[in-house]
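A quick write-up on the structure given underneath.
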Amino acid sequence: MEYGYSILMGIFAGLILIYAGLMALTKDYRMLPLRARVSVQPKDEKRYMKQLAKVVALVALAPALSALTGLWNMIAALIILVVSAVVFIWLGTKIMRGVE
């Protein structure tokens, strides 16, 4: 039970990476939730999905890094989760800037 946080965060990161991989392989715009599809109408759906898959994979690094840090220290893992999520989301906005 000592490594429960790391196991759950590792599983969560893996599931997000699987979703990003499916988005990159299929490039299907219908993989997005309905609300996201309605609010964003990109000119090139295939290119948009490819870039979005990169961003989703980048954001999945936050729980993965937190899971690795959680093996040693729980407080540091939570700090890394929050800080890395903010940094990776900021980087994701830079990646998605030219696609829409």
Could you count how many residues in segment 73-86 are within 14 Å of Y5 (Cα to Cα) and open to solvent by 30 Å² or more (accessible area, probe 1.4 Å)? 8
Can you name the helices (runs of 4 or more DSSP H) wholly within segment 1-91 that have at least 2 residues being modelled with pLDDT of 90 or more? 4-26, 45-59, 61-70
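Residue-by-condition table, conditions (1) within 11 Å of the chain's Cα centre (by Cα); (2) over 28 Å from L78 (Cα atoms):
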site	(1), (2)
Y3	no, no
G10	no, no
A20	yes, no
D28	no, yes
V55	yes, no
L58	yes, no
A62	yes, no
Among the residues of segment 59-87, count how many are more than 15 Å from L8 (Cα to Cα) and of a type in the set (A, V, I, L, M). 10
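Yes or no, residue by residue, for (1) open to solvent by less than 100 Å² (accessible area, probe 1.4 Å); (2) in contact with a Leu (Cβ under 8 Å, 6 or more places away or on another chain); (3) among the small types (G, A, S):
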position	(1), (2), (3)
Y3	no, yes, no
S6	yes, yes, yes
I16	yes, no, no
G21	yes, no, yes
T26	yes, no, no
Q41	no, no, no
R47	no, no, no
L61	yes, no, no
L71	yes, no, no
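Conditions (1) touching a Gly at 6+ places or on another chain (Cβ under 7 Å); (2) in contact (Cβ under 8 Å) with a residue 12 or more places away in the chain, marked per residue:
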residue	(1), (2)
M31	no, yes
R47	no, yes
Q51	no, yes
L58	yes, yes
L65	no, yes
L71	no, yes
A76	no, no
V82	no, no
I89	no, yes
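The values are calculated or read from the model by the stated rules, or taken from the named source; none is laboratory data. Here the structure is a predicted model, which is why all the values come from computation and not from measurement. Heads up, the Cβs are rebuilt from the backbone with ideal geometry, glycines too, and the neighbour counts pull from every protein chain shown. Remember, those area values only see protein heavy atoms, side chains included, never the ligands or the DNA or RNA. Shrake-Rupley method; radii C 1.70, N 1.55, O 1.52, S 1.80 Å.
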